[in-house]
1. Going by the conditions given, is Gly206 at pLDDT 95 or above and either closer than 16 Å to Phe162 by Cα or in the same structural domain as Ile139 (by TED's automatic domain parsing) (or both)?
2. Condition first: under 29 Å from the mean Cα position of the chain (by Cα) and farther than 25 Å from Lys110 by Cα. Can you find one or more residues in the range 245-257 that meet it?
3. Exactly one of (1) in contact with a helix residue (DSSP H, G or I) (Cβ under 9 Å, 6 or more places away or on another chain); (2) more than 21 Å from Tyr122 (Cα to Cα) is unmet by Pro198. Its number?
4. Pairs under 7 Å by beta carbon, first residue free of Cβ contacts under 8 Å to residues at least 40 places away in the same chain in the range 210-223, partner among the basic types (Lys, Arg), six or more apart or different chains?
5. Among the residues in the range 186-199, are any within 26 Å of Ile107 (Cβ to Cβ), surrounded by 15 or more Cβ atoms within 10 Å (Cβ to Cβ) and in contact with a strand residue (DSSP E or B) (Cβ under 6 Å, 6 or more places away or on another chain)?
6. If you go through the range 241-272 one residue at a time, how many are buried (at least 16 other Cβ atoms within 10 Å of the Cβ) and of a type outside the set (D, E, K, R)?
7. Could you tell me which numbered condition Gly166 fails, if it satisfies all but one of (1) without any contact (Cβ under 8 Å) to a residue 60 or more places away in the chain; (2) in a strand (DSSP E or B)?
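The values are calculated or read from the model by the stated rules, or taken from the named source; none is laboratory data. All values derive from a computational prediction rather than experimental measurement. With ideal geometry, Cβ positions are generated from the backbone for all residues, glycine too; neighbour counts draw on all protein chains shown.
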Amino acid sequence: MRNIINFIKRQHFFFLFLLLQIIAFILIFQNHNYQRSFFVNSANNFAGSIYQSYSGMTEYLRLKQINEQLAEEINNLRHYTENSFLVNDKHVFTHHDTLYKRQFLYINAKVINNSVFNRSNYITLNKGRAHGVKPDMGIITNNGIVGIITNVSENFSSAMSFLHAGVKISARHKNSRHLGTLQWDGYNYRKATMLYIPPHVSLNKGDTIVSSGYSLIFPENIPIGTISDYHISKGENFYSVSIDLFLDYNNIEYVSIVKNLMKEERQALEEKSQTPF
């Protein structure tokens, strides 16, 4: 405290000068409209730039939270898409009084590990058994099919990526509705190959490929990619179709895990149908 007092005593002329300058500026701004307007505008501009910088910084720091909220909202909206319901015609199934019966639910998840450069690639998610995740559930985004859950712990799950030698997806040529089998080409994570499209089907470059809905894992009509090329090799009876994938598998952050509410019922029926009399 004594040092502060001594400092003020030594610099009292400077502080007196500073005080008089402040008083002079106050008098000028109070009695001259132009100077007052100039000062107010300058202060507002300065404050505005500070607030803008602060707002930009806080928005940047909140990007993770914003992304998580957006992913959750998209996932919630997916619950109400047409693909999440099974058409249940009340004129046939008289036990029910609604046209649509929910078939799929979605669990939002974040990718915490991912590979794209191996022959068989895997993905790790931050949701597990505690969140209702089970093996053989599908994983999707708005831009395509991600993979299939293989192993589950209490809080995490791992999955075979679509970029895996063992994954084959039932897909459909959107225009003709013809079915085929989709698999990764094994090299480029933005390319896939579709097989078993018969030669009488009219294909065009740019045509869209979607999920067929024939599997127990994925809903139908999930956009997968577009046709980039197609040909029939000598001695073959089907097209080999090259697909440009919509999804960038090297840039996946949030996904939806698909829960088929009717999987067990359909599985039991199909197994029973295959049992010989």
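1. Values: at pLDDT 95 or above: yes; either closer than 16 Å to Phe162 by Cα or in the same structural domain as Ile139 (by TED's automatic domain parsing) (or both): yes.
The answer is yes for Gly206.
2. From the range 245-257, those under 29 Å from the mean Cα position of the chain (by Cα) are 245-257; that's our starting set.
If we keep only those that are farther than 25 Å from Lys110 by Cα too, we end up with none.
So far as the range 245-257 goes, no, none of its residues is under 29 Å from the mean Cα position of the chain (by Cα) and farther than 25 Å from Lys110 by Cα.
3. The number of the failed condition is (1).
4. From residues that are free of Cβ contacts under 8 Å to residues at least 40 places away in the same chain, the pairs are Val210/Arg172; Val210/Lys174.
5. First pass over the range 186-199, keeping only residues within 26 Å of Ile107 (Cβ to Cβ): 189, 192.
Next, from what is left, pick out any that are surrounded by 15 or more Cβ atoms within 10 Å (Cβ to Cβ): 189, 192.
Now narrow it down to the ones that are in contact with a strand residue (DSSP E or B) (Cβ under 6 Å, 6 or more places away or on another chain): 189, 192.
Yes, the range 186-199 contains a residue that is within 26 Å of Ile107 (Cβ to Cβ), surrounded by 15 or more Cβ atoms within 10 Å (Cβ to Cβ) and in contact with a strand residue (DSSP E or B) (Cβ under 6 Å, 6 or more places away or on another chain).
6. Number of matching residues: 14.
7. (2)
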